[in-house]
Every structure is written in structure tokens, then in C-alpha cells.
Amino acid sequence: MTSIILLSVFGILNLFLGFLRSNKVLLPGAMLLLLAVFGANLADWNVVHAPYFNNMLVVDNYTVAFTGIVLLTTIVLLPFSRSYVLSGETNLAEYYALLLFSLVGAIMMVGYDHLLMLFVGIEILSICMYVLAGSSKRDSRSNEAALKYFLMGAFATGILLFGIALLYGATGTFVLSQLATAVAAPANASLQPMLYIGILMMIIGIGFKVSAAPFHFWTPDVYEGTPTFFTAFMSTVVKTAGFAAFLKLLAVALPAAQGFWLPTIQAMCALTLLLGNVGAAAQTNTKRMLAYSSVSHAGYLLIGLVASKGVLTGDAANGIFFYSLAYSIATVAAFGVLKLVTEHRLRDDYASLNGLGKTNPLLAFTMTVAMLSLAGIPLTGGFFGKFFLLAAAAGQGYIGLVVFAVIMSMVGLYYYLRPIIAMYLRPVDGDATPVPVDGIQTVTLAVLALLTILLGIAPGFLSGIL
């Protein structure tokens with residue numbers, strides 16, 4: 001709750017900082033504010049809080065853990081917005097404020113204990129993302145991305161809201177614990193079809209938010225058209241909050257209905273892994289490859305939902321937490337490097353990375369570590385993220401799903417190695433001058449690479465956090 005209050009106040013304060021007409025104070029100001037919120041969030045660890053807003057929001061270790069991921073992701077992402085500072089971008093204060101407000105929605109999605117709080121959180125996060133997707137107003141691709149995201153997001157929101165209404169009609173409550181009781185012992189058996197349709201519509205609505213197939217078709221176009229900085233935020237924070245909300249819905253409210261939703265999630269998982277990996281392998285544009293890669297990672301996280309079997313703690317839940325952290329760090333690193341290269345070389349295909357190992361060794365090394373982590377190579381955080389999820393699924397008897405996920409990981413090796421090959425084995429195509437990187441970006445890239453390696457060397461200190 002403290003995090004929500006601070007972010008809301010700081011978001012408004014950031015708008016007033018915009019009146020100073022000096023972007024130089026905005027970036028350090030936003031980072032200091034987020035560090036303060038991160039510290040306040042950690043202070044809530046193991047502290048018992050009464051539910052807030054008439055039992056609509058709870059702050060427990062689950063909320064603190066996933067809130068920590070979204071806050072840390074935003075902190076390490078902010079240095080890559082420095083180009084907006086140097087260019088004198090007049091809307092920078094508004095962009096930062098929207099990021100802060102979107103984090104409020106993300107925390108609501110993580111800590112909700114009432115379906116209406118989930119809906120409010122999703123809408124706060126989504127509306128901010130619709131605006132940021134179209135923030136490059138003179139770029140037709142950005143305009144197209146915002147329009148597609150808004151229209152498809154509006155339909156998904158409508159489906160989600162209809163599902164919430166049907167669940168309420170079948171159970172008479174929005175509270176998760178009361179929903180669990182009503183689903184386990186229905187008062188009126190004739191309302192079961194309404195209940196199942198409501199569950200299915202909620203899965204569709206949240207599936208859209210996390211880019212799970214077959215509700216992922218918006219992802220490549222929106223990710224490609226959205227400015228790279230906001231694409232990175234969308235790919236990490238939105239996905240982390242979405243899966244935290246997804247797991248809580250299934251584990252707290254609907255464990256008694258897993259006979260219905262479990263086969264649905266399994267089918268979505270297999271389809272997401274297939275379409276995400278095959279789609280990424282077919283791309284020639286690095287940004288679109290990372291978009292399809294994001295879809296494939298939603299598939300691996302869905303494995304965690306399958307393995308959880310309606311339990312909010314245990315190996316599967318811890319696997320989802322660890323995977324979300326490792327994925328977010330590696331994705332921010334990849335998009336950060338891509339943003340710097342794209343701004344200098346004015347292209348975002350694989351050829352834009354040619355010769356980066358010679359011109360910018362740090363950028364090439366960070367990108368290499370990020371790609372290896374996303375591919376699940378040992379000694380990176382991504383390896384143990386996948387290992388924990390697949391081990392949890394194997395322990396529950398889902399051997400076929402695990403084998404299929406391993407095969408899809410082998411497909412992933414193909415498209416994750418292509419940027420590495422371009423950076424180290426291809427000559428520079430065009431401008432051979434080094435990509436400019438300032439001090440704070442250099443430190444951030446080094447920290448991201450180091451964190452990815454540390455998670456791969458010593459995963460144990462976070463593996464059992466939930």
C-alpha cells in the first residue's frame with residue numbers, strides 16, 4: 001500500500017517537475033523516487049498488514065516479491081531514456097508520470113484480493129500503455145501500434161469484464177477466498193455453465209495481456225511500432241504483473257475448478273511455445289524477433305501455471321517468480337542495447353548489430369549474455385528459470401509438456417544465436433563508428449550482465465522466496 005501511495009504522489013510530483021522546463025532533473029529525480037519506493041516495498045517483507053480498501057487489496061510477501069521485480073525492472077530501464085533528455089523531449093515529464101502511474105496498476109494486479117481491484121489495476125496499466133505506445137506521434141508505425149493495441153485491448157477488456165460479471169452471477173461474490181468456497185461447493189448446480197464460461201472469458205482477457213497464444217497476434221506489430229524504450233517496459237513489467245495476477249486467480253479463487261481450466265492452460269501453453277518460437281525463427285528484424293520471443297516466454301511461464309495446480313506457494317510459484325526476474329533483467333539488457341544501436345545506426349534488423357563486438361565490446365558482451373539467458377544456456381539466470389519451471393512440471397507428471405518445451409528451447413537457440421553471430425562474425429555494414437554510450441548507461445549494462453550471471457551461478461538465494 002505504501003508503494004501505491006508513493007508512486008501516485010510521485011507521479012503527480014513528476015508532472016510539476018515538468019514545469020521547470022529542464023529535462024536534466026527528470027531522469028535522476030525519477031530514479032531516486034523509484035529507489036525510495038523500492039526501499040519502502042522491501043520494508044513490507046514479513047510485515048503483517050490488514051487488507052486495504054475493504055479487503056480489496058492485500059500486502060503480503062507474494063505482493064512484495066512481484067512488486068520488487070516490476071520496480072527493479074523500471075529502475076534499470078530508466079537510464080536508456082537518456083536520449084529523450086538530451087533531445088529536449090517536451091513530453092518527458094508526462095512519459096515518466098505515465099510510467100509511475102502504470103506501476104500503480106501493476107501493483108494492484110499483483111496484490112488484488114477482489115476481482116474489481118484486478119480490473120482497475122489492469123485498466124490503469126493498459127491505458128498508460130496505450131498512450132506510451134503512440135508517444136512517437138510523427139512515426140506512422142507508432143500511431144499504428146497505439147491504435148492496434150487500443151482496439152484489441154478494448155475488446156480483451158470487455159471480454160475480461162464480462163467474465164468477471166459471469167463469475168459474480170454464478171457465485172455472488174468478487175472476493176477471491178469467497179469465490180474459492182463458492183466454486184468448491186456451488187449453491188446452485190444449474191449455474192455451473194455460467195461459472196465455466198466466466199472462467200474461460202477471464203483466461204482470454206488475461207491471456208491477451210500476457211501475450212499468450214492464440215491471443216498474441218497484436219504483439220509483433222505493437223512491439224515493433226512502439227518506441228523501443230516503452231517496448232522494453234511493456235515486455236517486462238506488463239508480463240510480470242499479468243502472470244502474478246494469473247497465478248493468484250487460479251490458485252486462490254479457482255483451485256476447485258482446475259479440472260476445467262487446467263486443460264485449457266495446457267493447450268494455451270503448447271500453442272504459445274510453438275507459435276512464439278517458430279515465429280521468432282522466421283524474423284529478420286531484431287525487434288520483431290524479441291516480440292515473438294516474448295510470446296514464447298509466456299509459454300514457459302504458462303508451464304508454471306500448469307505445474308502450480310492451484311497452489312500459490314511451492315516449486316511452481318517460486319519458479320514463476322525466478323523466471324520473471326531473470327527474464328526481465330535479460331530483456332531490459334537486450335532492448336537497451338538495441339535502442340542504443342538503433343538510434344546510432346538508424347535500423348533495427350540483425351545487420352544493425354554487425355561488428356558490434358569490435359566497435360562496442362561492452363554492448364556486444366551485454367547483448368550476448370542477454371541472448372544466452374533468454375535461450376536458457378547454463379551459467380545464466382534464464383537457465384535456472386527454465387530449469388525450475390520444467391522441474392516443477394516434471395514433478396507433477398507433465399513429461400510430455402516438458403519434452404515439448406525442451407524441443408522448443410532448441411528452436412530458440414537458432415534465433416538467439418543470430419544476433420551473437422552478427423556482432424562477432426559479421427563486418428560492420430555502413431557506419432563503423434562506435435555507438436555512443438554514456439556513463440550511467442555503461443554502469444547499467446554492466447550491472448544487468450552481472451546480475452544475469454549471478455542468477456546463473458547462485459540461484460539458491462532467490463529460488464525459495466515464496
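The values are calculated or read from the model by the stated rules, or taken from the named source; none is laboratory data. Remember, it's a predicted structure, so these values are computed and weren't measured experimentally. Every residue, glycine among them, receives a Cβ derived from its backbone with ideal geometry; neighbour counts consider all protein chains shown.
Being surrounded by 12 or more Cβ atoms within 10 Å (Cβ to Cβ) and out of contact with any Lys or Arg (no Cβ under 6 Å at 6 or more places or on another chain) narrows it down to one of 439, 456, so name that one.
The match here is 456.
Can you name the condition, by its number, that residue 283 falls short on among (1) outside any helix (DSSP H, G or I); (2) within 30 Å of residue 184 (Cα to Cα); (3) in contact with a helix residue (DSSP H, G or I) (Cβ under 6 Å, 6 or more places away or on another chain)?
Every condition holds for residue 283 apart from (2).
Only residues that are among the β-branched types (Val, Ile, Thr) and either in contact (Cβ under 8 Å) with a residue 40 or more places away in the chain or in a helix (DSSP H, G or I) (or both): list them for the range 152-208, please.
157, 159, 164, 171, 175, 181, 183, 197, 199, 203, 204, 206
Could you check the range 378-411 and list, in sequence order, the residues that are touching a residue at least 24 places away in the same chain (Cβ under 8 Å), under 26 Å from residue 270 (Cα atoms) and in a loop (DSSP other than H, G, I, E, B)?
378, 380, 396, 398, listed by residue number.
Of everything in the range 428-466, what is of a type in the set (Val, Ile, Thr) and part of a loop (DSSP other than H, G, I, E, B)? Give them in sequence order.
Those that are of a type in the set (Val, Ile, Thr) and part of a loop (DSSP other than H, G, I, E, B): 428, 433, 435, 437, 465.
Taking residue 282 as the residue in question, decide whether it is hydrophobic (A, V, I, L, M, F, W, C), over 27 Å from residue 106 (Cα atoms), free of Cβ contacts under 8 Å to residues at least 24 places away in the same chain and out of contact with any Ser or Thr (no Cβ under 8 Å at 6 or more places or on another chain).
Against the criterion (hydrophobic (A, V, I, L, M, F, W, C), over 27 Å from residue 106 (Cα atoms), free of Cβ contacts under 8 Å to residues at least 24 places away in the same chain and out of contact with any Ser or Thr (no Cβ under 8 Å at 6 or more places or on another chain)), residue 282 qualifies.
Please list, ordered by first then second residue, the pairs with beta carbon atoms under 8 Å, 6 or more apart or interchain, first in the range 36-56 and of a type in the set (A, V, I, L, M) and modelled with pLDDT of 85 or more, second assigned to a loop (DSSP other than H, G, I, E, B) and surrounded by 15 or more Cβ atoms within 10 Å (Cβ to Cβ).
56/113
Please verify whether residue 74 is closer than 21 Å to residue 319 by Cβ, of a type in the set (Val, Ile, Thr) and crowded, with 21+ Cβ neighbours inside 10 Å, treating the condition exactly as stated.
No; evaluated as a whole, the condition is false for this residue.
Regarding residue 319, is this residue assigned to a helix (DSSP H, G or I), buried (at least 24 other Cβ atoms within 10 Å of the Cβ) and modelled with pLDDT under 95?
Yes: the conditions hold for residue 319.
Restricting attention to the range 79-126, report how many residues are assigned to a helix (DSSP H, G or I), among the β-branched types (Val, Ile, Thr) and more than 19 Å from residue 35 (Cβ to Cβ).
Selection size over the range 79-126: 4.
Looking at the structure I just gave you, is residue 259 out of contact with any His (no Cβ under 6 Å at 6 or more places or on another chain) and without any contact (Cβ under 8 Å) to a residue 12 or more places away in the chain?
yes
So which pairs qualify, if the first residue must be in the range 130-141 and in contact (Cβ under 8 Å) with a residue 40 or more places away in the chain, the second must be of a type in the set (Asp, Glu) and surrounded by 19 or more Cβ atoms within 10 Å (Cβ to Cβ), the Cβ gap must be under 8 Å, and the two must be at least 6 apart or on different chains?
Note: pairs meeting the criteria are 141/224.
Could you tell me how many of the residues in the range 74-129 are among the aromatic types (Phe, Trp, Tyr) and within 30 Å of residue 172 (Cβ to Cβ)?
Number of matching residues: 2.
Hey, could you check the range 189-200 for residues that are surrounded by 20 or more Cβ atoms within 10 Å (Cβ to Cβ) and among the aliphatic types (A, V, I, L, M) and say which is farthest from the chain's Cα centre (by Cα)?
195
May I ask you to verify whether residue 290 is out of contact with any Gly (no Cβ under 7 Å at 6 or more places or on another chain), touching a residue at least 12 places away in the same chain (Cβ under 8 Å) and surrounded by fewer than 22 Cβ atoms within 10 Å (Cβ to Cβ)?
Taking the combined requirement at face value, the residue does not satisfy it.
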